[in-house]
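The values are calculated or read from the model by the stated rules, or taken from the named source; none is laboratory data. Since the model is a prediction, treat every value here as computed from it, not as a measurement. All Cβ positions, even for glycine, are placed from backbone atoms using ideal geometry, and neighbour counts span all protein chains on display.
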Amino acid sequence: MTLERLQKLLARAGVASRRACEELIAGGRVTVDGHVVTTLGVKADLAVHDVRLDGQRLRPERLEYWILNKPKGVVCTNYDPAGRRRPIDLVRGTKARLFPVGRLDADSKGLLLMTNDGEFANRLAHPRYGVPKTYQATVAGRVTGDDIRRMMRGVHLAGGRARTARVDVVKRGRARSTLRITLREGRNRQIRRLLARLGHPVRELVRTRIGRIGVRGLRAGEARRLTGTEVEYLRTLSEQDAAKVEPRPSKPRRTTARAKPAARQPAKQEAPTRTGGGAKRSQRKHDADGTGKAGKGHRGHAAGSRGGPTRRRTSSPRRGRRPRGHPAQ
């Protein structure tokens, strides 16, 4: 069982647009298993639940896939208050509520896919999946190699940096050039804006292919159903491109290992060595008043002493304890 939001199910059943279906739900005209639903977010499955609009049960709409050779002047929308021609007006032989996959502006023409499969349309049209779309553009002026390199590197436009995946020169003239351009991203009027930025306004723009699917054999304004093989190819193409943009697991940040400073070893106590006739040991100076500082004064006597030399310790130090030294001689 696949649960989907109620407004999406109504739209897929051909009732109306998703926004209009939300208004139908809020108006209390939709029931699920006999219960009136007036809040958005409720999910259902038309194959399992009894979903009705104004008392009439809805059935899942059969998914359809069409290809249209869009002529100039047709607007890619299903709702146009101005009454201009729409792609749906050119598709004959179906009652399904089809919508265009992606957009071509009114001045552009060529290949346009139509379907009622929202997931299929999103995979083909969304820029993040990078499905290749090929166009033929006739532009003003002579296009140079530097222009092509800039198109490949990318040009800053309002909304970000736009670039092409591939550019081939079909014809180059002093006043006019023809280019074959492949995109893997689909921003609004991207080719027209990019070429205008380079000083070559577009005179004519035709979409010729999506992947390897083209409009060969279709005259302007004609449409036909896609074959099962073509649908499967487009589905596989979008899945392959989707795999390229799947988020990869983040790698742990690499840090440069630093050698830890060696621990300081306590200074070894040197064994006393005999020089002359006596043992030379580490020396400590003592004041008579107990400050531990030796003053300037008599050699061999502690400064501030009562006049006699300090008594030499003759006993050997205990094992494991630091020996006391003699005053400087």
Residue satisfying condition, being surrounded by fewer than 17 Cβ atoms within 10 Å (Cβ to Cβ), among the basic types (Lys, Arg) and outside the structural domain of Glu204 (by TED's automatic domain parsing), within set Arg84, Arg18, Arg12
Arg18
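Suppose we filter Arg84, Arg59, Arg52 for residues that are more than 37 Å from the chain's Cα centre (by Cα), modelled with pLDDT of 90 or more and not in a strand (DSSP E or B); which single one remains? Give the derivation first.
Numbers: Arg59 fails: modelled with pLDDT of 90 or more; Arg52 fails: not in a strand (DSSP E or B).
Matching residue, one of Arg84, Arg59, Arg52: Arg84.
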Filter region 95-107 for residues that are touching a residue at least 40 places away in the same chain (Cβ under 8 Å), of a type outside the set (D, E, K, R) and more than 19 Å from Leu183 (Cβ to Cβ) and give the result.
Ala96
Can you tell me which residues in region 188-208 are assigned to a loop (DSSP other than H, G, I, E, B) and under 24 Å from the mean Cα position of the chain (by Cα)?
Asn188, Arg189
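So which of Leu24, Leu46 is in a helix (DSSP H, G or I), of a type in the set (A, V, I, L, M) and outside the structural domain of Ile88 (by TED's automatic domain parsing)?
Numbers: Leu46 fails: in a helix (DSSP H, G or I).
None of the other options fit; the residue is Leu24.
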Just to be sure I understand the filter: pairs with C-beta atoms under 8 Å, separated by 6 or more residues or on different chains, first member in region 49-67 and free of Cβ contacts under 8 Å to residues at least 60 places away in the same chain, second member among the basic types (Lys, Arg). Which pairs pass?
Asp50/Arg57; Val51/Arg57; Leu53/Arg29; Asp54/Arg29; Leu58/Arg52; Pro60/Arg12; Glu61/Arg12; Glu61/Arg97
Taking the condition out of contact with any helix residue (DSSP H, G or I) (no Cβ under 7 Å at 6 or more places or on another chain), of a type in the set (D, E, K, R), within 25 Å of Leu234 (Cβ to Cβ) and not in a helix (DSSP H, G or I), does Arg180 pass?
yes
